[in-house]
Amino acid sequence: QLKQGMLPRGRAVVQAASKVVTRANPTPARSAVGAEQSRSRSSKAASAWSRLSHTDGAVGYPNVNTRYVHDPYSPLTPPSEDNSLGTPDARHWTDDKWAESDLRQASEDHVMLSWTASEPVKDLPFIERGEGVYLYGSDGKKYLDWTSQAVCVNFGYTVPETVRNAITEQLDSLPYLYGGLGLVPVRAKLAKLLAELSPGDITGFLFPSGGGEANEAAIRMARLYTGRQKIFTQYRSYHGGSSSSLGATGDFRRRFAESTTHGFVKFFNPQPTTFSWGATDETATERALQCLEEQFLAEGPESIAAVLLESIVGAGGVLVPPDGYMTGVRSLCDKYGVLLILDEVMVGFGRTGKFYGFQHFEGVIPDIVTSAKGLTGSFLPLAMVGVRQKIKDHFWKNPVGWGATYHAHPVALACAYETVKYFMKEDVIGNVQKMEPIMME
């Protein structure tokens, strides 16, 4: 009737509404019948679904439903491998010298080498001792260690007596203390000494076990301090083998960790390999910095926690930044409120004729600096993360969010404290400066 226009519109709506109400409130008899029909339909649907789920699928679609089919429960088969200890070779308990062939076999059977596949370098020489700048192999050969191993044996292989004594005394008095549950005197002494030596207001120090750990901690601190995630790093760079430090790395090794890391933005060094920023260092510096600023703006400065650079690129080619480049990076970071982290793991502690490599660049002081190798001369594993006062103050009341079992190991701290003092007393920096023109020739 409404369609035919025979009823007034308002009356039609009322009648329609009343029908809805009537249907929503059926009589008990009709309700019971409806419920029974619903149960019947549900039962039939469940039965049909069960049959469908146990088929191999429709024609042309094999196994389309098999994912819904659950195998009957069966008891788990317990593992049957023997997990008892093995029997060590009797030679472990004697002082007898092992034949080199036996050492070689033990190495091939059980040693896993770093970075590379082990088989291609399985014939590396066995080194029995070191003295000065020389290494001595089990085959009687004498090797000049031209690279200081991983550019880390800054004082050679003869441990200074004061360093040796400090290590022994710490071993005798307190060989270990967890860095998060107690303080040892030498930790406070070393931190104070480094704060007094470091330029500007680099006053707070964390002591991881190695350079990769130090950069990992620095990255985390920068993100926590700023509340931002992105870290800018260069393509020609190496920052360590742990997850985040390798993600920050620019060279080919980053591919080992790219699937597990995020938040790293790469940019080109002022020394690219396939093009030139300009004919002069001045032009190259200007254009490289302009490109970096363009990336800042494209990514959004408010999302960038830090720029992480090696003060002088090491493994990526020993690349010294052109004049004005590091100063420009520092200025860009200041302009956009981005932290500057300088990786001094390789070049710190006199390697370049300065205490820190960044001291070659006028006016440049990082917000966070990391170092390792020269800190102990690699006599024992230890690294440092130094931060400026504003960051130190922040983490005085906020969690630093980093720690490790061997962080601030007492024996390594004792080694570092005496090594740094030896470094200063013996004027190692002065000696490096004297050697520079000879090496340049």
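Computed from the coordinates by the stated procedures, all read-outs in this text should not be read as laboratory data. Being a predicted model, the structure only gives us computed values, none of them experimental. Cβ: placed from backbone, ideal geometry, glycine included. Neighbour counts: every protein chain shown.
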Check: On alpha-carbon atoms, Rg over Rh for segment 260-342 using Kirkwood Rh?
Finding: 0.95
Note to self: Just want the answer: with Cβ charges of +1 for Lys and Arg and -1 for Asp and Glu, which residue in SER47, MET424, LEU177 is farthest toward the dipole's positive end in the chain?
What the structure shows: SER47
Checklist line | Cα gyration tensor shape of segment 214-321, rounded if a/c is under 1.5, else prolate or oblate by comparing a/b with b/c | finding: oblate
Notebook entry, point to check: Who wins for biggest fluctuation among GLY86, GLY212, GLY316 in a Gaussian network model of the chain, springs between alpha carbons below 10 Å?
Noted result: GLY86
Next item on the list: Just tell me which lysines come within less than 27 Å, Cα to Cα, of LYS97; anything on the same chain fewer than 8 places away is out.
Entry: LYS122, LYS141, LYS142
Next item on the list: Measure out, as a whole number of angstrom, how far apart the alpha-carbon centroids of segment 225-241 and segment 371-390 sit.
Entry: 19 Å
Notebook entry, point to check: Just SER148, SER43, SER114 to compare: in a GNM of the chain, with alpha carbon springs under 10 Å, which one fluctuates most?
Noted result: SER43
Next item on the list: Name the most mobile residue of GLN105, GLN271, GLN229, meaning the one with the largest mean-square fluctuation, in a Gaussian network model of the chain with Cα contacts below 10 Å.
Entry: GLN105
Next item on the list: Write down the percent of antiparallel bridges among all DSSP beta bridges whose residues are both part of the chain, to the nearest 5.
Entry: 50 percent
Next item on the list: May I ask you to list, by number, the DSSP H helices of the chain whose Cα span along the axis is at least 20 Å and whose average Kyte-Doolittle hydropathy reaches 0.0 or more?
Entry: 9-24, 410-425
Item checked: Binned Cα-Cα distances of the chain, short to long, each 20 Å bin given as a whole percent -> 19, 39, 19, 14, 8, 2
Next item on the list: Please sort by residue number the chymotrypsin sites (Phe, Trp or Tyr not before Pro) in segment 255-324 whose DSSP state is loop and whose Cβ has at most 16 other Cβ atoms within 10 Å.
Entry: PHE275
Check: Over segment 192-243, how many percent of alpha carbon pairs lie in each 5 Å bin up to the one with the longest distance?
Finding: 4, 16, 18, 23, 24, 11, 3
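Which value at 222 nm does the chain reach when only helices count, each DSSP H run of 4 or more adding -39,500 (n - 2.57), with the total divided by all residues and rounded to the nearest 500 deg cm²/dmol?
-12500 deg cm²/dmol
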